[in-house]
1. Per residue of A:55-63, how many C-beta atoms from partner chains lie within 10 Å of its own C-beta, taken as a mean?
2. Run the numbers for residue A:48 and residue A:125: contour at 0.36 nm per residue of separation, minus the present Cα-Cα distance, in nm.
3. Which of rounded, prolate or oblate describes the stretch A:1-128 when judged by the alpha-carbon gyration tensor and an a/c cut-off of 1.5?
4. Which whole number gives the average, over all residues in B:109-120, of C-beta atoms from other chains lying within 10 Å of the residue C-beta?
5. Can you tell me the relative contact order of the stretch B:11-137? Whole percent, Cα pairs under 8 Å, sequence separation 6 or more.
6. I'd like to compare B:34-45, A:103-114: which one has the highest average count of other Cβ atoms within 10 Å, and what's the full order after that?
7. Only counting other Cβ atoms within 10 Å, I'd like B:81, A:60 sorted with the fewest neighbours first.
8. With a point put 7 Å past each Cα toward its Cβ, work out how far residue B:12 is from residue A:14 in nm, to one decimal.
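FYI, it's all coordinate maths here, none of it is from the lab. Only a predicted model underlies this, so the values are computations on that prediction, with no experimental measurement involved. Cβ sites come from the backbone with ideal geometry, for glycine too, and all protein chains shown count toward neighbours.
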């Protein structure tokens, strides 16, 4: 990381919190491209090497989602799915949603919820409706 | 005619790193807010700026962004120009087609940004560089009140 930093503190890696069997990522403020790409790798490693079966990405703290960040989010969800975890994107504000749709980026493969609570609720429902044998299939 | 004390004047910003992209977004947001753009318009404008600034960085090898408040009385707006001295765009029509990409992205940068603003022009010469200019006007539609969204 050698680029100059007009904003102090904006280059810190995004923390990935573990809540039971779910990873919670809360995106805040300005997210540099490099930080977003690092996050994508972090989550894939965490999902692969932990008990996590769900990933919640909260974007209530970001002002915009452009095509780059949108692609990162879609790829995080795709990575997680390939690693047997479900991703829920939550917290998007109406202005961001309107802009993303007009941009042509509607993230069709990504499950959404209005807020973190509902995102966790969705993951719980998914877990309880999955057949017990299916969920335990690999262990 | 007394120009109202106007804190917003044209600003040129370098684009040479992803930190610069963040700074461009920040400054475009600030100008747009001061000019009275509503939240949705601000978001569209900042998003378009982010797409174009990233193109300047990735495809143009870096360059600069010029942010200029404009008036066409009574309308007020913001003009953003992104210029680079990179390889230029050989086929503008193709480059502004949804899904077309040379950079490994989604191919929505140029085509998407064009949809987000009122005016959009590309001036490019192969081998010499590209200038993409966009203008957005503050609409008369009452904007969402701050805090309501």
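1. Details: counts 0, 0, 0, 0, 0, 0, 0, 0, 8.
Mean partner-chain Cβ count within 10 Å for A:55-63: 1.
2. Values: separation 77, 0.36 × 77 = 27.72 nm, distance 2.21 nm.
Length difference between fully extended and current span is 25.5 nm.
3. Details: a/c = 1.75, a/b = 1.23, b/c = 1.42.
Cα axes put the stretch A:1-128 in the oblate bin.
4. Working: counts 4, 0, 3, 9, 3, 0, 5, 4, 0, 0, 0, 0.
Per-residue shielding by partner chains comes out at 2.
5. On the way: 252 pairs, mean separation 32.2, N = 127.
Relative contact order for the stretch B:11-137 comes out at 25 percent.
6. B:34-45, A:103-114
7. Values: B:81 21, A:60 15.
Placing the least packed residue first, the sequence is A:60, B:81.
8. The modelled label-to-label distance comes out at 3.5 nm.
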